[in-house]
Amino acid sequence: MLRALLDVGTIRALRLELLESSELVSSSYGLTGRRSHCGIAGLRVAGTLPLLATNYGGPVDVLAATPEDRRPSGVIRPRVWGATLPDNSTSVIREGVEVVSPELALQQLAVRADAVRTALLLSELLGTFSVYQAPGPLAKVLQELADHNRLPAYRGWRAARNNGGKLTGLWSRPPLLSLDRLQNHLALASSRGKRALTEAARRARVGAASPFEAQAGMLLAESVRHGGEGYLGLEHNRRVTLSADAKRLCGLSSCYCDLFWEREGGDVDVECQSSSHHFGSRSSVSDADRSTALQMMGIEVIQLTYAQMENAQRFEAFSRLLAEKLGVERQERTQREKRAQEDLRASVLVDWESLPDV
């Protein structure tokens, strides 16, 4: 994408600046003369540094067939994985270097991570968002392009901006994984991590458009036994075709409901209010117009802010309101259920970027 937007000199200067500022590159200095320490894998990974410098601080996790193959360094971190890799589970990025598929990477992570963390990461793969904070030199270039309205969508990826027009690190994109593809992987997967990934698939949210939506969805839809509110039937980003009057009001033919429940007594939509993400038409239509248009369609609209969600008492008050709108009774929690609720909130309400760090 940048090749089409920037001149050759600017791209070369950017690549050099990225390499000079990369922690991974810094840790690789001296590799050529230390082959016995880093091994062939370390040297091969070092050859991909111009690619990895754009988004990775390292070290890079590398699969090792046996414990004897482990040769850790500042560049690589071997992970023992003796099982046979499923067909089509890797892609070549450079001669001698392949990356694993999202589902296989998550299976490996599930061995070390707890169920909630794995489910949240899976929610990102099954959703329409990614969190990517570009390193300083690249972030500066991207922001300059955005300021001049020259940052286009690329292969379905679009950058989100806050109310001040600044890039937030949140990106909209097509899902990277489907439940069908995940189930096909699990059917052929080795036993290590399989059970944990299967449990994560049960708890993950499908179709969330931001970390906020994924976190809210898990807190609201997870069973009471596991610490959630137990509001079944939640659907992320349900498309609603608007009537002629509703269309005239907001200027759109359809709207998407962040968290949607279909009910005989009237559908309910919870809108996750955040200034950190605006994509396309969502940013061009005021929340008030959207809410009014949806209410004209007979949909009850409730606003949820992140501040309400992260405060336990405020979230409980919100949950009681939602229960009323859904026509269900919110039961008082037992002591065990209260502890499960505290544990779930502690696992869900975390810095999203830290999730893969296990």
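The values are calculated or read from the model by the stated rules, or taken from the named source; none is laboratory data. Treat the numbers as computed from the prediction; the structure is a model and nothing was measured. Note that we place each Cβ from the backbone using ideal geometry, even for glycine, and neighbour counts take in every protein chain shown. To get the accessible areas, we keep the full protein, side chains included, count just its heavy atoms, and leave off ligands, DNA and RNA. Shrake-Rupley method; radii C 1.70, N 1.55, O 1.52, S 1.80 Å.
Tabulated data
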item	result
In region 290-314, the residues that are over 23 Å from R263 (Cα atoms), part of a helix (DSSP H, G or I) and either free of Cβ contacts under 8 Å to residues at least 24 places away in the same chain or open to solvent by 40 Å² or more (accessible area, probe 1.4 Å) (or both)	Y306, A307, Q308, E310, A312, Q313, R314
Which numbered condition V92 fails, given (1) open to solvent by less than 60 Å² (accessible area, probe 1.4 Å); (2) β-branched (V, I, T); (3) over 30 Å from M218 (Cβ atoms)	(1)
Filter result (farther than 23 Å from V131 by Cβ, surrounded by fewer than 24 Cβ atoms within 10 Å (Cβ to Cβ) and touching a residue at least 12 places away in the same chain (Cβ under 8 Å)) within region 203-227	V224, R225, H226
Yes/no for L167 being open to solvent by 10 Å² or more (accessible area, probe 1.4 Å) and within 30 Å of A146 (Cα to Cα)	yes
Residue selected from region 50-87 under the condition open to solvent by less than 30 Å² (accessible area, probe 1.4 Å), touching a Gly at 6+ places or on another chain (Cβ under 8 Å) and at pLDDT below 80, by the criterion nearest to A105 (Cα to Cα)	V75
Pairs, first in contact (Cβ under 8 Å) with a residue 12 or more places away in the chain in region 315-339, second open to solvent by less than 30 Å² (accessible area, probe 1.4 Å) and aliphatic (A, V, I, L, M), C-beta under 6 Å, six or more apart	F315/M309; K325/V268; L326/V268; R330/A323
Residue match in region 118-128 (condition: among the polar types (S, T, N, Q), open to solvent by 30 Å² or more (accessible area, probe 1.4 Å), at pLDDT below 90 and touching a Ser or Thr at 6+ places or on another chain (Cβ under 8 Å))	no
